[in-house]
Amino acid sequence: MSAVSDGRTGGVHEGHLGSGPMRVLVVGGTGVLGAAVVADLTRHGHEVRVLSRHAPAGASSSTGAASAAAAEWVAGAEWVAGDVRRPGFGLPPADAARLSEQTTHVVSCFGSVAVSEGPRTAVDLHLRGTQRLIEFARGCPRLKAVVHVSSVLVFGRCPGIVGNADLQVGQAFRNWYEYGKFLAETAWQEADGVPARILRLGPVLGADGPVAPSTRSGILTALPAALSGLPLPITGRGDFPCYVTDSTAAAQVVRAALEHEPVGGTWTWYDPAAPTLNATLTALCSAWGVIPRIVAAPGLVSAVRLAAPVLGLSREVCDYLTPWPRLAAGILDELPVPLPASPPRYVERTGELLRAHSLGLVAA
Amino acid sequence: MTRPTPGSTVAGPAAGWADLASLDTDPHPVFTTYSAGNFAEVAPDRLSPMSWSLVGPPVERGMRNVAGRLFPRARWATGSHFVFVGYFSCRPYHNLSGFCQLAYGVPGLDPALVTRSYFEDAPVPEPPGGRPYRGGAAVLPQLARELLLTRRRVGALTEQVPQLEAALAEARPGRKGAPGLPAGGGSLALGRLLPGAVRLLDRVWETHYASTMLILPLLAVQDGVARRFVPYWRELEPLVNRPDSLVWQRLADLGAAVPEATSFLHRQFYEVADDQEPWDRYVGALGPPVAGAETDGLLPEDPWALVPLSRTLQLPRLSAVVRIAMEQREHTKSLAMRTLHVMRLVVRAVAARRGLADGDWPYLSLNELLDESMPAAQLHRYARSRAEECAQAIDRPMPDLFNTAQDGPGTGAPEPASTRAGVGICPGQVTGTVVVPGADGRYEPGPDANGGRRILVCERADVQIQTVLPHIDALVTARGSALSHVAILLREHGLPSVIGHPLARDLRPGQEVYVDGTTGEVRLLA
């Protein structure tokens, strides 16, 4: 595998679907990944509309992300205020018709990434929203491709090694987030007649996207505990991959997934360097000059869960302190080459960004 | 001020209550707040004296038995006044003060949970003397014993009620005599069923009300633990507490195959004279029972598996007990309906045997009907006199909620107003068009506006709603209770629903609204 251009300079992949710019509807363009996708697409000359319940306030992003990227993100796209859960996204009929008529590509990256969300998010947002989006896609006369962004956590806890062709592998879900991703992916797989590709990602980090990652979701919720100086028990000292990726690199893969033909199937993307959970937490904490005290104490899992609030952990993230799904070797080889390169030190720089902008996040 | 006991002079009925008709129950001198909120969702607005005698006194006896077991030293649950129910101007009421007194007696149970769950979120009445009754910690093991006792009783009643129905079928005119019953059936054979049916009715009501009561402490414990550890408990609760066996759905399924087995579902709940003037005026069109929704397969088989720490905290076991209690409550309610349905025929038969005209018996109580010392002619005169009283009584408007120490009868005391913005009782989000009940109060499916989803908006839903459930996608009411009969039906049908929302009174047909049955949010869109 080899890398192509740096995410910040962009790179166009082989196998472009059709000619001319794509007219892309990005559903959920205000999250870490969605914002990076919007910025990447607009940078490459594509016409982007973002469907979101709330448009960002302006170029001065409250996330503290790089102002240039934020400005590009906000200014480069047309913002459509709508709700993916409502019929016709809740848009006036004329606007909904125009959107259907003009859209050639769709990126689905909406939905909460908080593992503490409940069944409502899983079913009513992830699934119902996906079903509405599928209805919309079926009504687009010029539609060429849909990319649904899923997660490697769709496998929950499962035995054995899993690959792109797998979905139902007898997994047990750790939480409603995983279950919601599973439901949404299942809906796309069953959506006959819609040219859709599923892209599974790991946790999205990075300091170069328009929106900064948050310590309120994903593995970053473990950061306060890692910085606390208290022992953090992780199975096998966290020497297992956690499939992180940089947001700009992930955005390039999303663009490749839109462009590459034939449309269909499932891709998986994460940083090919595959840093372990231990290495990721250590790199994140380096911005504070702290080395987290990660210990192997399998018997303490329940005790840590009960005492999670005291340790500065969310109870839900405790479930990710045990090994994650084992992805098949060579799973990245199924992506079209060349692959994007992750920016150097993106994990460390994510920590630096969080240190600069996350109030109250201090080392003990 | 000392703790008052029934019969004390701490509070007394307001002046107007001295002029009550003889058929009314005496207002309780201490427990003075009455609510029709729970009866109103199932029973008709006015009950005949006969129907009241089959509902009120047995419920009172049953509740006193339960209260006596839980609080052996509670003298307030005794005495000559009805403590838990009331009957005013032919309208059945629960004594809200009495039920809240029970809640005060259980450690950790907030009486507000009682009013929220069963009495349309009415304000909790002041405890007598301003001092809430405390039952002590000994109540808790007794509650556990009561739970086991109720389970055993439900099992026994599940056998006994069908036996009564079978005996009724055997005893009906034209049938060959069953063992122990005269050959040829007829009114004599039917009449012989009465003593057994009365005893069974007492046990059914007691078990039903015990089941209803026991749910609340269970929910309080579950809520107290789960809310601390499950951030999305409000979303999860309806999923994990949904009974494994949906009683009303099961009955609807049975009715589709064997209609006569569920004929009681077609008749007005609680009113045995539902085909007689003037009681038929209050009978709604029940229509055929409809099957509820199957779970749509979207939820995992074991939702608790997705909740960290739930097993450590024994939450799945607790919710299993709650599910059993919920199912028992609905099951015993259906047994009560079935027993009352048997009474419809038996009471008629006894009246016929005593030579009473068909129009007389609804105005008599069961005890009066069975009083062999009273000749038929005297019973007839008594019934006619009672009929005049009833005619006046049912013309008197009666409030849903009143305090006999403050409000006179028919003074139009304020309607119960929810103290909250709206309560989601069945999860799910729907955007759709408002439809309303027809002008006659009956439910109509309404226009299918724009081919979209239909949201039924009404002041309060009652049991007649079951006919329209398959035609709507969500429900919003201005009043309602979280554990009412209608709420159970809505959950069985999986219809996103919000009760007690003030916007319900302002919404008009054709408007587009968003309803969130999880959070209780209702929003006007256009």
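The values are calculated or read from the model by the stated rules, or taken from the named source; none is laboratory data. The shown structure was predicted, so the numbers you read here are calculated from the model rather than taken from an experiment. Heads up, the Cβs are rebuilt from the backbone with ideal geometry, glycines too, and the neighbour counts pull from every protein chain shown. Just so you know, the surface numbers come from the protein's heavy atoms only, side chains and all, with ligands and any DNA or RNA stripped out. Shrake-Rupley method; radii C 1.70, N 1.55, O 1.52, S 1.80 Å.
Data table
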{"read-out": "Hull volume in cubic angstrom per residue (convex hull over the Cα atoms of the range B:24-111)", "value": "94"}
{"read-out": "Isotropically averaged projected area of the range A:155-207, using the convex hull of Cα atoms (one quarter of hull area), nm²", "value": "4.9"}
{"read-out": "Long-range amide H partners of residue B:518 with built H, under 5 Å", "value": "B:428"}
{"read-out": "Highest-fluctuation residue, A:129, A:330, A:163 considered, GNM on chain A with Cα pairs under 10 Å", "value": "A:330"}
{"read-out": "Placed amide H near residue B:494: partners under 5 Å, 5+ positions off or other chain", "value": "B:293"}
{"read-out": "List of the range A:120-143 residues, accessible area with partners at least 10 Å² below that of the chain alone (1.4 Å probe)", "value": "A:120, A:123, A:124, A:127, A:128, A:132"}
{"read-out": "Order of exposure, largest accessible area first, which applies to A:112, A:247 with probe 1.4 Å", "value": "A:112, A:247"}
{"read-out": "Chain-alone versus full-assembly comparison, the range A:168-214, residues with accessible loss of at least 40 Å² (1.4 Å probe)", "value": "A:176, A:179"}
{"read-out": "Loop-resident sites, the range B:326-402, for GluC sites (Glu not before Pro), counting at most 14 other Cβ within 10 Å (DSSP)", "value": "B:372"}
{"read-out": "Inter-centroid distance (Cα atoms) of the range A:133-194 relative to the range B:128-152, Å", "value": "50"}
{"read-out": "Range in chain A, longest, excluding exposed trypsin sites (Lys or Arg not before Pro) [loop by DSSP; at most 16 other beta-carbon atoms within 10 Å]", "value": "A:54-141"}
{"read-out": "Ratio Rg/Rh [Cα only; Rh per Kirkwood] for chain A", "value": "0.95"}
{"read-out": "For the protein assembly as shown, share of DSSP beta bridges that run antiparallel, in % to the nearest 5", "value": "35"}
{"read-out": "Rg/Rg_globular for the range A:84-127, with Rg_globular taken as 2.2 N^0.38 Å and Rg from C-alpha atoms", "value": "1.44"}
{"read-out": "Charge context of residue A:159, other residues only, Cβ under 14 angstrom, K/R +1, D/E -1", "value": "+1"}
{"read-out": "Largest-first principal axis extents of the Cα set of the protein assembly as shown (Å)", "value": "105, 57, 54"}
{"read-out": "Cβ-defined net charge surrounding residue A:211, 14 Å radius [Lys, Arg +1; Asp, Glu -1]", "value": "-3"}
{"read-out": "Kirkwood hydrodynamic radius of the range B:112-170, from inverse mean 1/r over distinct Cα pairs, in Å", "value": "15.3"}
{"read-out": "Whole-percent carbon and sulfur share, accessible surface of the protein assembly as shown, 1.4 Å", "value": "54"}
{"read-out": "Accessible-area value, residue A:335, 1.4 Å probe, nucleic acids and ligands omitted, Å²", "value": "10"}
{"read-out": "Positive minus negative residues near residue B:86 (Lys, Arg vs Asp, Glu; Cβ under 11 Å)", "value": "-2"}
{"read-out": "Loop GluC sites (Glu not before Pro), the range A:113-200 (other Cβ atoms within 10 Å of the site Cβ: 12 or fewer; DSSP)", "value": "A:190"}
{"read-out": "Fraction of antiparallel bridges per DSSP, the range A:153-311 only, in percent to nearest 5", "value": "20"}
{"read-out": "Helix-derived mean residue ellipticity, 222 nm - over chain A, DSSP H n ≥ 4, -39500 (n - 2.57), to 500", "value": "-8500 deg cm²/dmol"}
{"read-out": "Rounded to 5, the percent of DSSP beta bridges in chain A classed as antiparallel", "value": "5"}
{"read-out": "Most to least accessible of B:50, B:213 (protein chains only, probe 1.4 Å)", "value": "B:213, B:50"}
{"read-out": "The range B:17-72: chymotrypsin sites (Phe, Trp or Tyr not before Pro) in DSSP coil with no more than 16 other Cβ atoms inside 10 Å", "value": "none"}
